[in-house]
Amino acid sequence: MATDVETLTFRQGGVHPAEHKERTSGLPLEVSEPPAEVAVLMVQHIGAPASPAVKKGDRVSKGQLVGEAQGYISAGVHAPVSGTVKAVEPRIYNVTGARVPAVVIENDGEERWQEGLNQPRDAERMDASHMVEAVQECGVVGLGGATFPAHVKLNPPADTTITDAFVNGTECEPYVTVDHRLMLERTEDVIDGLRLIMRMVGAPNGWVGIEMNKPDAVEAFGRALADEPAIRVVPLEVRYPQGAEQQLITAVTGREVPSQGGLPLDVGCVVHNVATTLAVREAVRLRRPLIERPLTVTGDGMERAGNFVERIGANLGDIIRRQGVREGTNQIILGGPMMGIAQGTSEVPLVKGNNCIVLRRGAVVPPQRHCIRCGRCVDHCPLGLMPGEISIACEERDWDAAVELGMLECKECGCCAYVCPAKRRIVHLIKFGKSELRRRRAQRKEGG
C-alpha cells in the first residue's frame, strides 16, 4: 500500500481552531491504578438504557455483566473491577447532568476476571455473525463521543452493500490526543481491528484517515500497510470537523451521505474511530468487555497533563486531583472545546464516551448579543445549514420553523458558534430545541 501524496478534505465550511495538542501528543499512554470504587452508569450509549443486573451486596468479577442491554439499540455495561456491589443508586450522567441508575462497586483489589473472559480465541474460525455477537456481548460503543452501539453498525441490513470500512484517525477536536497515541503505540492492533471489521461488514476496501498534524502516525501506517493492497492510508487536511463521518466519507470517496437522517451505510460505508476499532478487536479476539478507555487529561489548568487508560466508572474528580490543579482554574470541559460539555462539578463517573478532560484557567463566557445577520455561521457550516436562523427559531420556540430549517440535521459541531461575532450560543439553543422536541413527542406518545 502506498500512502496517498495529496491531502484530502471535505467540500464546504469548517474552521481551523487552535489545536492545543502539543502538550500531550508526545506523551505515551499510561495505565492508571484501578480506583477503590467505581460507579457504572446504566446510560452510557445512544439507545435504550441498560437495566441493573446485580443488587447491593452481590460479589462481582471483573468484566461481569452488571447492566443488561434493553433492546437491540442498547448496550450492556460490565464491572470494571472485581469486588462488592455497594449500592444501586442514581449518579450524575456527565453528558446531560441528569441522575441515572448506577451500580456502585467497591474494589477488592483482586482484579479477578469473570470466568471465560479475557481469554484469546481464534477469530479466524468465527464467521461475521459470531464476531458481531462478540462485539455486542462486550458492550462496545463508539468511543469518539457519539457512543452508538458498535454491533448495530457492524450488522447492516441484508439489502445493504458495504464497500468501504474506515478507521477514523483524524481526531480533529482540539486538545484530544489519545487516538494519536494509540495509532503510534498499537499500529498493528488497529490494522487487525480494521481487518476484522472489513470481514464483518463484507467491505473489500479499508481506509485509515489521518490528519496531517500527525505525520508520525501517517508514516507508521504507511510502513505497516506497505504490502496490504486492500487498505490505504489517506492523509487529510487539518480542518475541523474533518473527523465527522459525513465529512470524512466525502473527503475520501467523494460520496455525500444523504441529509434528512441519512447514514454512512446509505453510501456503502462504515466508520469507527481508533479506540473503537481496538475495542472491537479485543471483544472478538480476547472476549474482553469494554471496561476501560483512553483519556487525555490536559489544559492550562492541569498541573501534569497526559494520556491515560482509565476504568469506566472512575471518579473524574479523583483523576483531576491526582494530576494536580493549577491556581485560577475555573472551567472543566469533558471532550474538546468545540463539542465538549462544561461541567458544574468534577464529582461524576467516567463513561464510555469521555475521551478528554480539559481544565482551563481564567475562562470567561462572553455575553450573548443579538444576531447581526453577517452570515458567517452559514459560510462555515459543513452541512450548508443556516445555524443562526435555526437558533433564533429555537429561541422563539418556533419548533416547526426550526425543523424546516434543518435543526435535526445539525451535528452540533460548533463551527457556527466559533465564528459568531455576536457570541451567540447557537449550539446550546439547537440542543435545547432538539431536547424540547423530543420531550413534546414523548408527551404526545404517552397521551395516545
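Listed values, structure above:
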read-out	value
Integer Hz, Karplus 6.51/-1.76/1.60 couplings in order for the stretch 69-82, x for Gly and Pro	4, 10, x, 6, 8, 6, 8, x, 10, 10, 5, x, 9, 8
Viscosity 1.306 mPa s, 10 °C: Kirkwood-radius Stokes-Einstein D of the chain over Cα pairs, µm²/s	70 µm²/s
Label-point separation, T96 to E436 (7 Å along Cα→Cβ), nm	1.8 nm
Contour minus Cα-Cα distance for E188 and R321 (0.36 nm per residue)	44.5 nm
Given charges at beta-carbon only (K, R positive; D, E negative), |dipole| of the chain in Debye	1260 debye
Whole-Hz couplings from phi, Karplus 6.51/-1.76/1.60, listed for the stretch 246-262; x for Gly and Pro	4, 5, 5, 4, 4, 4, 8, 9, x, 7, 10, 5, x, 6, 6, x, x
Simple label model, 7 Å out from Cα along Cβ direction - M386 to Y72, nm	3.8 nm
Nonlocal amide H pairs with L236, under 5 Å, H built at 1.01 Å	L8, I210, E211, M212
For I231, distant residues with modelled amide H under 5 Å away	G206
Estimated FRET transfer efficiency when R0 is 25 angstrom, pair L286-D159 (beta carbons, to 0.05)	0.15
Amide proton proximity set for E310, modelled H, under 5 Å, gap of 5+	R293, L295
Rounded FRET efficiency, nearest 0.05, which uses the C-beta distance separating R223 from E89 and R0 of 45 Å	0.35
Length added when fully stretched, R369-D300, from 0.36 nm per residue minus Cα-Cα	22.0 nm
FRET E, pair E30, L408, Förster distance 45 Å, beta-carbon r, rounded to 0.05	0.65
Filtered GluC sites (Glu not before Pro), the stretch 246-297: DSSP coil and at most 16 other beta carbons within 10 Å	E256
Computed label-point distance, nm, for sites E106 and T7 using a 7 Å Cα→Cβ extension	5.4 nm
Integer Hz, Karplus 6.51/-1.76/1.60 couplings in order for the stretch 391-403, x for Gly and Pro	5, 5, 4, 5, 4, 8, 6, 9, 5, 4, 5, 4, 5
Fully extended contour minus Cα-Cα distance, from W399 to R121, at 0.36 nm per residue	94.9 nm
Computed [θ] at 222 nm, deg cm²/dmol, the chain (DSSP H ≥ 4; -39,500 (n - 2.57); rounded to nearest 500)	-8000 deg cm²/dmol
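Only the coordinates and a few stated rules stand behind these numbers; no lab work does. Worth saying up front: this structure is predicted, and the values here are computed from it rather than measured. Don't worry about glycine lacking a Cβ; one is built from the backbone with ideal geometry, like all the others, and counts go over all protein chains shown.
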